[in-house]
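The values are calculated or read from the model by the stated rules, or taken from the named source; none is laboratory data. These numbers were taken from a predicted model, which means no experiment stands behind them. Backbone-built Cβ (ideal geometry, glycine too); neighbour counts: all protein chains shown. Side chains are part of the model used for accessible areas, which takes the heavy atoms of the whole protein and leaves out ligands, DNA and RNA. Shrake-Rupley method; radii C 1.70, N 1.55, O 1.52, S 1.80 Å.
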Amino acid sequence: SKKINKKWTKKPRKNIAEMNDFVPPSTAPAVESKETKEAKERAAVISTSIDAASAKLGAVRKGYWDDPFVHFFVNEDQEPLTHAPPLFNRGTTTRVACIDCVARLFLEHGGRQVVNLGGGSDTTYARLRHGHAMPDDALWAEVDFPEVAAAKNARIAAHPELRSAFGGRYAMRGVDLRDTDALKHVLVDELGVDTQKPTLFVSEIVMVYMDAEAGDRIIEWAGRAFACSMFVTLEHIRPDDAFGRRMVAHIAERGCPLRSIAAYGTPEKQQARYATRGFDTASSAFTMNEAYERLLPPGSAEARHVASLEILDEVEEWHLLQDHYCFVVALHDPQHTLHIDRPDALGFRL
Ligand code: SAM
């Protein structure tokens, strides 16, 4: 890995570390007020929800997994990443497989309440429901910035297919996740999230855009105020090697810096973040390389399917990319309500 990192340090061309998106960096004037800066950063963070949907649509169109809903959330002018290199599509596939796996596991063990933090244009709820994995009585509460929530709700209302797919106990509301009191109010008072019921929190490339303390407050609440809770998180890690430095610099140039990557830049730090905030039943953090090996083991039908879609030439780069993303699963279940004992020992198939 040292050898490969050296290569990335030397190469001036646009590389995989810069491929979290395909949007050129903004050109900022020399002096900006604090408010202007904050508004720009907020807009840049919001735009990542479009990149996420676009990346997912690109991979879905290539056949990596089925999603009959994601295309509704991508406009034609938000050209999907259909020309993304295979390793990028595989990365997106791993991302979706991680969240799916934990959500299914939680539901299979009787969980009926999911909170999707920074849900953006995510379609997991609709896909699970479409595949009969989402029980009718399960509540799926999503939150994101008010602009994102309003846009998603408008999109759902505009398409009969989406109205039906997002039926059931689904709700998307606007709130700034950094305002923990407002977040609690929306979830508990407005959406009826019950702290006595087992609850899964999902954070798919979201908290990394917030200051570490803001994410800590959410984790602390999820781990201490709930009788039983699970947390699944995906985010960037390893800001300090050559690849990581380029990745961090490139995303910062886009205007949405990875604010908590310095504090939680390794799987070990990620694991401790949850273990010390109420998730003491079990918590595990893996790189996406490990996640891929466990979810799509070599020789499995899933791995063969992925291999059949596109040839992956840049194997070293693929591993380097996957090494810079972390997958965390944490559990707080003192009463053993869910009968999920050791997520770390179970290869995600508890
Ligand atoms: N989780 C979705 C997915 O994976 O498809 C969207 C991921 S996107 C990279 C990050 C999302 O987090 C955006 O929708 C953004 O608006 C949301 N987000 C980031 N910081 C937020 C904050 N402080 N309050 C509310 N939403 C936030």
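Overview of values
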quantity: Any hit, region 17-24, residues being over 23 Å from residue 126 (Cβ atoms), modelled with pLDDT under 95 and among the small types (Gly, Ala, Ser); calculated: yes
quantity: Total residues in region 207-233, condition away from the ligand (no atom under 15 Å from the Cβ) and either over 17 Å from residue 139 (Cα atoms) or not in a helix (DSSP H, G or I) (or both); calculated: 9
quantity: Region 285-317 - residue that is part of a loop (DSSP other than H, G, I, E, B) and of a type in the set (Gly, Ala, Ser) and, of those, nearest to the chain's Cα centre (by Cα); calculated: 300
quantity: Any hit, region 196-206, residues being closer than 15 Å to residue 218 by Cβ, of a type in the set (D, E, K, R), within 11 Å of the ligand (Cβ to nearest atom) and touching a residue at least 60 places away in the same chain (Cβ under 8 Å); calculated: yes
quantity: Pick from region 305-333, criterion farther than 24 Å from residue 258 by Cα and hydrophobic (A, V, I, L, M, F, W, C), ranking: surrounded by the most Cβ atoms within 10 Å (Cβ to Cβ); calculated: 331
quantity: Count - residues of region 129-171 that are open to solvent by 40 Å² or more (accessible area, probe 1.4 Å) and in a helix (DSSP H, G or I); calculated: 15
quantity: Residue in region 93-101 that is within 15 Å of residue 172 (Cβ to Cβ) and either hydrophobic (A, V, I, L, M, F, W, C) or open to solvent by 10 Å² or more (accessible area, probe 1.4 Å) (or both) present; calculated: no
quantity: Residue match in region 275-290 (condition: among the aliphatic types (A, V, I, L, M), within 16 Å of the ligand (Cβ to nearest atom) and modelled with pLDDT of 95 or more); calculated: yes
quantity: Options 100, 67: the member that is among the charged types (D, E, K, R), within 13 Å of the ligand (Cβ to nearest atom) and more than 24 Å from residue 177 (Cβ to Cβ); calculated: 67
quantity: Hey, residue 181 part of a helix (DSSP H, G or I), closer than 25 Å to residue 41 by Cβ and within 15 Å of the ligand (Cβ to nearest atom) or not; calculated: yes
quantity: First in region 289-316 and among the aromatic types (Phe, Trp, Tyr), second anywhere and assigned to a helix (DSSP H, G or I) and open to solvent by less than 80 Å² (accessible area, probe 1.4 Å), Cβ under 7 Å, 6 or more apart; calculated: 292/94; 292/322
